[in-house]
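Asker: Sending over a structure as structure tokens; questions will come in a sec.
The values are calculated or read from the model by the stated rules, or taken from the named source; none is laboratory data. Bear in mind the structure is a predicted one, so any value in this text is a computation, not a measurement. A quick note on method: Cβ atoms are made from the backbone with ideal geometry, for glycine too, and the neighbour counts reach across all protein chains shown.
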Amino acid sequence: MHLIFTEVETSLLVIAVDLHSRQRYLREHPSQLMHVLDSVVTLANMHLMLKTKNKVAIVGCNAARSDFIFCDTDAIQPQPGQSGQSGLARQSDGQYELFAHLETSVKQNIKKFSVDENSSFFDDKDGESLIAGALTMALCYINRMNREKATGEKLNSRLLIVTGCSGGASQHMAYMNVFFTAQKLNIVLDVCSLDYELGLLQQGCDITGGLFLKIPQLQGLLQYLLWVFLPEPPIRKKLVLPPPAKVDYRAACFCHRNLIDIGFVCSICLSIFCKFSPICTTCNTVFKPPGSLLSKKKKKANKNVC
Amino acid sequence: MADAGKISKQPQSKTFQCKNLHDYLKTLPASTLDKLYNHPTTCLAVYRELPEIGRHYVIRILFVEQPVPQAVVASWLAQEHSKEHNEVIKVLSELRVWQEAAIPGGLPGWILNPIFKKNCRMALLGGGRANCIQSQLDADSKPRDIPFLDQYATERWECVLHYMVGSQQQEGISADAVRLLLHAKLMKRDEEDNSPIITREGFQFLLMDTAQQVWHFILQYLHYTVQEHNLDLVECLTFLFQLSFSTLGKDYSTQGMSEAMLKFLQHLREFGLVYQRKRKGGRFYPTRLALNIAAGQTSAPGDIERVGYIVVETNYRVYAYTDSNLQVALVALFCEMMYRFPNLAVGILTRDSIRQALRSGITAEQMINFLRLHAHPRMVAQGPPTLPPTVVDQIKLWENERDRFNFSEGVLYSQFLSQQDFQVLRDHAQGLGVLIWQNERQRTMVVTKGGHDDVKKFWKRYNRGND
């Protein structure tokens, strides 16, 4: 008989999926989006399958918006009085109801993203995907779940980003805020990159103790997700997983998005610039122009971003 | 010499064995297991019972068609956890989740049980036939909401427990249920008036949490009633698992269920696992009790009794904020009750009350666990530790008090003629590791029963050598 009293542990996985249509793999084969979404949904279902109490949420983002595609407000809640006609479709095959429900909700909610693409509101078609925004929403969501949990319950949360975008430098500040918040809240951040080596996100993984993986081929996405990103951090220690890559900790300057070793740092807001500018573009502080070499040294600081 | 004064061994008090799903499935024959795996929900339930590493192993090869070499599987886990790896392999093989298969080239490999694989995938990705319990298509005219179902389930279940504690209320429990309680040895017939009384196991049963109680009860039910009522074990288990993966607050149709299953449904209804307004209504609602079956002991999602009611203070006082006779009766199993108010009962933990409970077969661990499980939210919020450590320690000490004697069977050697003889024999026994006790002044020693023959032989040889 089991009498060992254990805390009820719940683990929450929040997946941020990049739905930007300008991702390289999508430009080449638009149909790949379904493949990626299917893999993500299967990963989410697998996570729910692992333990009864596991929870999952999915956030989507493109260049115009980031929004939840699936979260607990979408969870199965039959409304009394209209059961049968409620949002819940009746099961017609052998799939577990909860899994089927997740799949249909994702398919429904994904529509609003495709509507965006054609609307006039969405004119910056080549802008960057708002992953940082999606992550911030995810963090807020995790925070809310933490507050709402019952006493004596323990919530282990983690984040997973699935993206095929390249950059991210324009959201440098937002990213950094996300990374350090996650670190403080003990949230592990994992990144599954479909296309590029992403320096900035690698830093995030390193800071929060997560894993970064650039998958060699898109075909096997599901297997990569299941092998590397499904195990919880405590289990990962036991499994043999790809070793962490060496992380490039150089920062991108705020003016030209170049990675720099040495640059100028605003003494007020710590923004980084590769060239001297008299007014800080972030906080509008006015600097004295560098006169002599001596006074210039005061303004200029050797920058070692950590 | 060497006269044998035997010290008999007292039987240790038996703690109550409650199997988990895994232990139960292990006892089933292979063919039954294969039949069970024919349903996606069973596969899900079995999957969730696997050890955590095992679950990842299954996922990794779920979409692999050919056998995977055993060496490859072993390399998935870091070297220092190889013990855990072996354990997982054992469990997976025992449950017939995977089988050994040879890979071309002669390497041994593992391949998932094809039936298990197919149905696991079906549960995950869809397809296949619909479950045999189907959702009702037209809306219920009087739908029941979740609080109602919870209340109903609690009422039904408490009715059974009430009966066991012997509270006044005795109606509402059928002859079948009583027979089952007797069969499960939770109750026995009193020798005098033939009325059922609670047994040692019954007391322990009462202190388990609801999910465990239900599971234990269901196991006994399957064991016993299935044969008696000619129900098919596989069909019953499948139905139970399907119930446990259904959605709370949703109504399901009895359409397409066999006569035997309808009978089974009526039994489940009696214990509060499903709610039916009318016997022939054609629809039923699963309750939380049913949903918790597959979740098993490991975690009870949204247990009905989540709201604790017990406060324990460092002065050994126990306050039970409840108006339920059953809950007061449970606390009274190991507490000396002092006052009873409309919504509060006060008791005190004393040495006598604890010892009385221990005598009736409840262990200290069970009592502590019960108090912890039902601790008032305020106590949980203050914790950990939820309970005052002094009280916990004292209860354990009171239990240990009863185990001051360690009985071991042995043979007494005494009346040695010389000190030297004694020393030789004692040193020999000590060398063999069979010496239990010795006293040099009285020239007496006790060896274990198993070591008696060796020591005796040695003694004979030694004597002969001396002569």
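Asker: Scan the range A:46-62 residue by residue and report those that are more than 14 Å from chain B (Cβ to nearest Cβ) and more than 14 Å from the chain's Cα centre (by Cα).
Answerer: None - no residue of the range A:46-62 is more than 14 Å from chain B (Cβ to nearest Cβ) and more than 14 Å from the chain's Cα centre (by Cα), so the list stays empty.
Asker: Turning to a different aspect of this structure: So the check is Cβ under 6 Å with 6+ separation or different chains; which pairs have a first residue in the range A:157-177 that's among the polar types (S, T, N, Q) and a second one that's at pLDDT 90 or above and outside any helix (DSSP H, G or I)?
Answerer: Close Cβ pairs satisfying both conditions: A:S157/A:L12; A:S157/A:I187.
Asker: Also: Restricting the range B:335-383 to residues that are assigned to a loop (DSSP other than H, G, I, E, B) and surrounded by 18 or more Cβ atoms within 10 Å (Cβ to Cβ), which is nearest to the other protein chains (Cβ to nearest Cβ)?
Answerer: By that ranking, first place goes to B:T363.
Asker: Right, next: Under 7 Å between Cβ atoms, which residue pairs at least 6 apart in sequence (or on different chains) link something in the range B:402-420 that is without any contact (Cβ under 8 Å) to a residue 60 or more places away in the chain with a partner that is of a type outside the set (D, E, K, R)?
Answerer: Pairs that qualify, where the first residue is without any contact (Cβ under 8 Å) to a residue 60 or more places away in the chain and the partner is of a type outside the set (D, E, K, R), are B:R402/B:L358.
Asker: Within the range A:149-170, count every residue that is within 14 Å of chain B (Cβ to nearest Cβ) and at pLDDT 85 or above.
Answerer: 2
Asker: Residues of the range B:211-222 being touching a residue at least 24 places away in the same chain (Cβ under 8 Å) and surrounded by fewer than 21 Cβ atoms within 10 Å (Cβ to Cβ), which ones?
Answerer: Matches in the range B:211-222: B:Q212, B:Q213, B:I218, B:L219, B:Q220.
Asker: While we're looking at this one, here's another question. B:E87 - would you say it is at pLDDT 85 or above and either surrounded by fewer than 18 Cβ atoms within 10 Å (Cβ to Cβ) or more than 10 Å from chain A (Cβ to nearest Cβ) (or both)?
Answerer: Taking the combined requirement at face value, the residue satisfies it.
Asker: Then there's this: All but one of (1) touching a strand residue (DSSP E or B) at 6+ places or on another chain (Cβ under 8 Å); (2) within 14 Å of another protein chain (Cβ to nearest Cβ); (3) among the hydrophobic types (A, V, I, L, M, F, W, C) hold for B:W215; state the number of the condition that does not hold.
Answerer: All conditions pass for B:W215, except number (1).
Asker: All but one of (1) modelled with pLDDT of 85 or more; (2) in contact with a strand residue (DSSP E or B) (Cβ under 8 Å, 6 or more places away or on another chain); (3) within 14 Å of chain A (Cβ to nearest Cβ) hold for B:E399; state the number of the condition that does not hold.
Answerer: (2)
Asker: Go over the candidates B:L107, B:L92 one by one and state the one that is at pLDDT 85 or above and out of contact with any His (no Cβ under 7 Å at 6 or more places or on another chain).
Answerer: Of B:L107, B:L92, the one residue that is at pLDDT 85 or above and out of contact with any His (no Cβ under 7 Å at 6 or more places or on another chain) is B:L92.
Asker: Could you grab me the full set of residues in the range B:411-464 that are assigned to a helix (DSSP H, G or I) and among the aromatic types (F, W, Y)?
Answerer: B:F422, B:F458, B:W459, B:Y462
Asker: Sticking with this structure for a sec: Assess whether B:L231 counts as being away from chain A (no Cβ under 13 Å), more than 18 Å from B:H162 (Cβ to Cβ), buried (at least 20 other Cβ atoms within 10 Å of the Cβ) and not basic (K, R).
Answerer: yes
Asker: To continue, here is another question. Which residues, counting only those in the range B:40-61, are more than 8 Å from every other protein chain (Cβ to nearest Cβ) and either buried (at least 16 other Cβ atoms within 10 Å of the Cβ) or small (G, A, S) (or both)?
Answerer: Of everything in the range B:40-61, those that are more than 8 Å from every other protein chain (Cβ to nearest Cβ) and either buried (at least 16 other Cβ atoms within 10 Å of the Cβ) or small (G, A, S) (or both) turn out to be B:T42, B:C43, B:A45, B:V46, B:E49, B:L50, B:G54, B:Y57, B:V58, B:I61.
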